[in-house]
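These notes concern the structure reproduced below.
Values in this text are rule-based calculations from the coordinates and carry no lab data. Quick caveat, the model's predicted, so the values are computed rather than measured. Note that we place each Cβ from the backbone using ideal geometry, even for glycine, and neighbour counts take in every protein chain shown.
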Amino acid sequence: MSARRIAIKHDAALVDGDGHVVGHDAGSTLVRRLLRVFPGAELIGPGPRRCEGFDLIPLEFVDPVTTVVINMDVLDSVDVWRTLRPAGAEPRLMNFVWWPTTTYPETVEQSALALSCALFPTFANSERTATEVREVVSRYTVSELAEKAKIAWVNLGFRLDHVRPRQEPTTPLVLYPAIYVSERKQPRMFLEVVERVHDKTPIRVEARLHESHLVSELAMRMSHRDWMWVGPLTATRDSYWEALSRTTAFLATATEESYGLEYVEALAAGAVGVFPDLPWAHALLPVDYPFFYRTPAEAEDQLTRAVSDPASCWKEIDEAAGGSLARWLRDRHSDDLFEKAIIGRVHEWFGA
């Protein structure tokens, strides 16, 4: 079978005047990654327009005979199929689920998600997400569709060559490991715990937030502490990894994550991670990872230890990972694994 083109659909992706996909949110980052994984891919959006390394084209301009559409806006896959079908060929459409299925809690949304993932091959960003997708498909569609659903997954992973040498800060630095202060991230709990830790030992806290959340009431509260810096996202991936290299620890407080790339990257950079004792966190880490908390008091104790004696914490973490967490992460969360897996599934489901 002849080679196929790839078209990526993510309606929230923005392209600047120089033809680059902008933004530091997960969706924009994934669009850039897919454009890199599939050289020559097109991005569906307002166009046509030639951009830096890719073309921006309207959905109606996609050739269903030669093109596979990777749809990150999974709930509208049926509409995408219907738009492309009048061209006379069977549209080739693949879902990419990169968020928790609980992102769309309403029954109508869950049903639309289930139907989409039952009708079209679906690639998920983690085993946990793939399991959730299967459960939704089984619950909201008929058995004939559910039994035929094609669902695959791989951890998103990170680029190993991005990790920078450690730069230990003079005062321990704690990271708020999210770019939003939405309720699912439980930022108030984070703030309460780090305030109690600060009362016992000197620390600095950094929160790098999406611009839409910088002006929130909670972000303003956080920035009023002279030991807490709240600001915009780093300008480049290089500066992002430089900032991680001088981070001592982070406190995860989210109630749900589909994967958790920022946590994995912070661990790879050498920051001690303190996690809630929840399934999404266990899915990221070795079975015997030592820093899971069940209560805010436990989170406080673990974070205090992480900033006071990170070396001994890392000794325990490495032992839990069979000798080296860095090696454990490379084996399970490498960007290379993601690239090979998604290319392999496109080949399997749609041909070369």
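When each of the peptides 134-142, 229-237 is scored by the mean number of other C-beta atoms lying within 10 Å of its residues, the order from highest to lowest reads 134-142, 229-237. Each residue of the stretch 39-55 was assigned a 3J(HN,Hα) from its phi angle through the Karplus curve 6.51 cos²θ - 1.76 cosθ + 1.60 (θ = phi - 60°); the sequence is x, x, 5, 9, 10, 7, x, x, x, x, 7, 8, 10, 7, x, 7, 10 Hz, with glycine and proline shown as x.
What number does the stretch 34-154 give for Rg over Rh if you use C-alpha atoms and the Kirkwood radius? Write down the numbers at each step before the final one.
Working: Rg = 14.9 Å, Rh = 15.1 Å.
Result for the stretch 34-154 is an Rg/Rh of 0.99.
From most to least packed by mean Cβ count within 10 Å, the peptides 174-186, 100-112 give 174-186, 100-112. Could you state the number of Å between the C-alpha centres of the stretch 219-245 and the stretch 59-105? After rounding, the separation between the Cα centres reads 36 Å. With the cut-off at 1.5 for a/c, could you classify the chain from its C-alpha gyration tensor as rounded, prolate or oblate? Since a/c reaches 1.5 and a/b is larger than b/c, the shape of the chain is classed as prolate.
For the stretch 10-105, what does the alpha-carbon gyration tensor say about shape, rounded, prolate or oblate, given a ≥ b ≥ c as the root eigenvalues, a/c under 1.5 as rounded, and a/b over b/c as prolate?
Numbers: a/c = 1.86, a/b = 1.09, b/c = 1.70.
Because a/c hits 1.5 or more and a/b fails to exceed b/c, the stretch 10-105 counts as oblate.
At a threshold of 8 angstrom on Cα-Cα distance, excluding pairs fewer than six apart, so keeping six or more, what relative contact order does the chain reach in percent?
Values: 627 pairs, mean separation 53.7, N = 352.
Averaging sequence separation for qualifying contacts and normalising by length gives 15 percent for the chain.
Charge dipole (Cα centre; +1 on Lys/Arg Cβ, -1 on Asp/Glu Cβ; no other charges) of the chain amounts to roughly 560 debye.
Rounded, prolate or oblate: which one fits the stretch 160-332, using the alpha carbon gyration tensor with axes a ≥ b ≥ c (rounded when a/c is under 1.5, else prolate when a/b beats b/c, else oblate)?
Values: a/c = 1.39, a/b = 1.28, b/c = 1.09.
Rounded, since a/c falls under 1.5.
Dividing the summed -39500 (n - 2.57) terms of all DSSP H runs of n ≥ 4 by the residue count of the chain sets its mean residue ellipticity at 222 nm at -12000 deg cm²/dmol. Put in order of Cβ neighbour count within 10 Å, fewest first, the listed residues SER312, SER245 become SER312, SER245.
Residues GLU168, GLU42, GLU192 in ascending order of nearby Cβ atoms (within 10 Å, fewest first): GLU168, GLU192, GLU42.
Placing +1 on the Cβ of every Lys and Arg and -1 on the Cβ of every Asp and Glu, with nothing else charged, gives the stretch 160-332 a dipole about its Cα centre of roughly 220 debye. Cβ crowding within 10 Å ranks ASP199, ASP238 as ASP199, ASP238, fewest other Cβ atoms first.
Below 8 Å, C-alpha to C-alpha, sequence gap of six or more: please give me the relative contact order for the stretch 160-332 in percent. Don't skip to the end; give the middle numbers.
Values: 273 pairs, mean separation 43.7, N = 173.
Computed over the stretch 160-332, the figure is 25 percent.
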